[in-house]
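This report refers to the structure that appears directly beneath it.
The values are calculated or read from the model by the stated rules, or taken from the named source; none is laboratory data. Quantities reported herein were computed from a predicted structural model and do not represent experimental measurements. Every residue, glycine among them, receives a Cβ derived from its backbone with ideal geometry; neighbour counts consider all protein chains shown.
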């Protein structure tokens with residue numbers, strides 16, 4: 001392999017990596033845009049249980065299981081709802097507060113009567129913060 005061939009190969013790989021990131025970024029933006037314009041996204045947790053400290057690779061894993069959920073909007077009311085099989089969380093997030101980042105970086109949903117939140121980032125990742133007896137626990141995952 002000549003030096004020129006190697007340079008072309010490396011340049012091609014770099015180009016593919018750059019364009020792959022652009023496509024992934026467009027897909028993530030499309031996910032938030034889809035959600036905002038009367039759509040829904042399905043969210044899957046990364047780990048099976050909520051963790052006490054997600055910043056240190058889930059130190060303090062709890063016995064509280066994580067769960068799949070959907071975020072759903074309706075264009076007629078501009079509402080955002082969390083839909084899940086968990087009756088507790090379904091009720092907790094009913095008529096929740098909503099904040100759409102003005103730059104399109106995230107959407108934040110938090111209950112009116114209790115602590116906690118669900119934050120969906122522009123790349124499709126989410127953070128689910130929940131409180132158990134005043135102790136904050138978290139779940140991380142991906143929405144599509």
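Details
- Residue check: residue 58 meets all listed conditions (1) more than 11 Å from the chain's Cα centre (by Cα); (2) on the phi < 0 side of the Ramachandran plot but one, namely (2).
- Highlighted here are the strands (runs of 3 or more DSSP E) found entirely within the range 59-144 that include at least 2 residues which are surrounded by 17 or more Cβ atoms within 10 Å (Cβ to Cβ) and modelled with pLDDT under 90: 79-83.
Conditions tested, residue by residue: (1) under 15 Å from the mean Cα position of the chain (by Cα); (2) over 19 Å from residue 133 (Cβ atoms).
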residue	(1), (2)
63	no, no
66	yes, no
70	yes, yes
83	yes, yes
91	no, no
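- Some residue of the range 28-41 being part of a helix (DSSP H, G or I), under 21 Å from residue 85 (Cβ atoms) and modelled with pLDDT of 70 or more: yes
- Selected residue (criterion: surrounded by the most Cβ atoms within 10 Å (Cβ to Cβ)) from residues of the range 48-58 that are over 27 Å from residue 101 (Cα atoms) and at pLDDT 80 or above: 58
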